[in-house]
1. If you take the alpha carbon radius of gyration of segment 46-86 and divide it by 2.2 N^0.38 Å, what ratio comes out, to two decimals?
2. Suppose R0 equals 25 Å; then what is the FRET efficiency for His227 and Asn120 from their Cβ-Cβ distance, rounded to the nearest 0.05?
3. For segment 270-317, what size does the Cα cloud have along each of its three principal axes, sorted from largest down, in whole Å?
4. Tell me the mean residue ellipticity at 222 nm calculated for the chain from its helices only (DSSP H runs of n ≥ 4, each -39500 (n - 2.57), averaged over every residue, nearest 500).
5. If amide H atoms are built 1.01 Å from N in the plane of the peptide, which residues on other chains or at least 5 residues away come under 5 Å of the amide H of Asp91?
6. When ranked by the protection proxy of mean other Cβ atoms within 10 Å per residue, highest first, what sequence do the peptides 23-33, 160-170 form?
7. Report the full-extension gain for the segment Glu52 to Thr286: residue separation times 0.36 nm, less the Cα-Cα distance, to one decimal in nm.
8. Tell me, what is the Rg over Rh of segment 17-122, with Rh the Kirkwood radius over Cα pairs?
Amino acid sequence: MKLATLALAALLAAPPAQAQNPLALGKGLRTADPSAHVWPDGRMWLYTSHDEECQADFHMKDWMAFSSTDLVNWTNHGAVLSVKDLAWADDYAWAPDAAYKNGKYYLVFPAGTGVKDRQNPKNSTKWMGIGIAESDSPAGPFKDVIGAPLWRKPYANDPVLFIDDDGRAYLYSRTSGVNYLVAEMADDMRSIKGELHKMDMGGYEPPMEGPWVFKRGSLYYFTMPEHNRILTYYTATAPTGPWTYRGVIMDAEGGNNHHSIVEYKGQWILFYHRWLETPGAACKKTQRHVAAEYLTFNDDGTIRKIERTSAGVGDFPRRATPGTAAGITK
């Protein structure tokens, strides 16, 4: 038997759990911008944006939720919020995030109106803002309880919520004109306290998209797609900085790459999305799919660079530490 044939036979004989990238979130689904959280039920929850098949540009209409206890078998909870549920926006259901506070679940999301003219930008009418929705369940449905964006200026998207150990909530986002802004949320999570504040990033402020903030021990991490493609990070001793740039987590591959980082059952996981050729798709173009990899820290708290794999976290059921899922993480 030829080596190529032997290799193919070995691949086909491998346990399905060993090839988990993209994640098995649902046949025919196109998902991106994964926001990962471990809630009091001990499950891993993913909140994602939802690409429509052959969509024009990024005209997306709803946000989805998925949950799992082993990162291999996922429950699809469907759309938890849609732009049709909003009075102030009708398009651009982009990268969401979520949080648990006050005994409720919160979905923070970008949405907008208008049209972006990429050929003649002066003709663009596109605007985006950030909304906040509530639910009694992590599976939704979520309700836009304030019926408006948290602010109208500046134009903003890609929000992320971070709940610190003292219960204070911080909102970070991508904004027009100036980036690296943060605002503290009001205790009821329905508004921000005061103004958006520019953080001290140590003098290095490249163009960026969807940030992610988490805490490990006493160290805070601000991670982001630098130039919208390369996952990089900063660290600080406070959630608002000042921040120190630390370098690259994952190199670029094709299009943008939004992500989240969370610890689950003793393992740190990076969730992200890939642009892949999709057999059977109606359009012959790369499309976005959520994937996951293990993330490892050095002794000094720095993050080891991650390579994309086809196996991903397919062996998580074997590597997971029993009895460590309870609790709430970013």
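1. Numbers: Rg = 12.0 Å, N = 41, 2.2 N^0.38 = 9.0 Å.
My calculation over the Cα atoms of segment 46-86 gives 1.33.
2. That gives a FRET efficiency of 0.55.
3. 47, 23, 12
4. Details: 2 runs with 15 residues, N = 330.
The helix contribution divided over the chain gives -1000 deg cm²/dmol.
5. Gly112
6. 23-33, 160-170
7. On the way: separation 234, 0.36 × 234 = 84.24 nm, distance 1.30 nm.
Residue separation times 0.36 nm, minus the Cα-Cα distance, leaves 82.9 nm.
8. Values: Rg = 15.4 Å, Rh = 15.1 Å.
Dividing the radius of gyration by the Kirkwood radius yields 1.02.
The values are calculated or read from the model by the stated rules, or taken from the named source; none is laboratory data. All figures in this text were calculated on a predicted structure; none of them were measured in a lab. Don't worry about glycine lacking a Cβ; one is built from the backbone with ideal geometry, like all the others, and counts go over all protein chains shown. The area values use the complete protein model at the heavy-atom level, side chains included, leaving out ligands, DNA and RNA. Shrake-Rupley method; radii C 1.70, N 1.55, O 1.52, S 1.80 Å.
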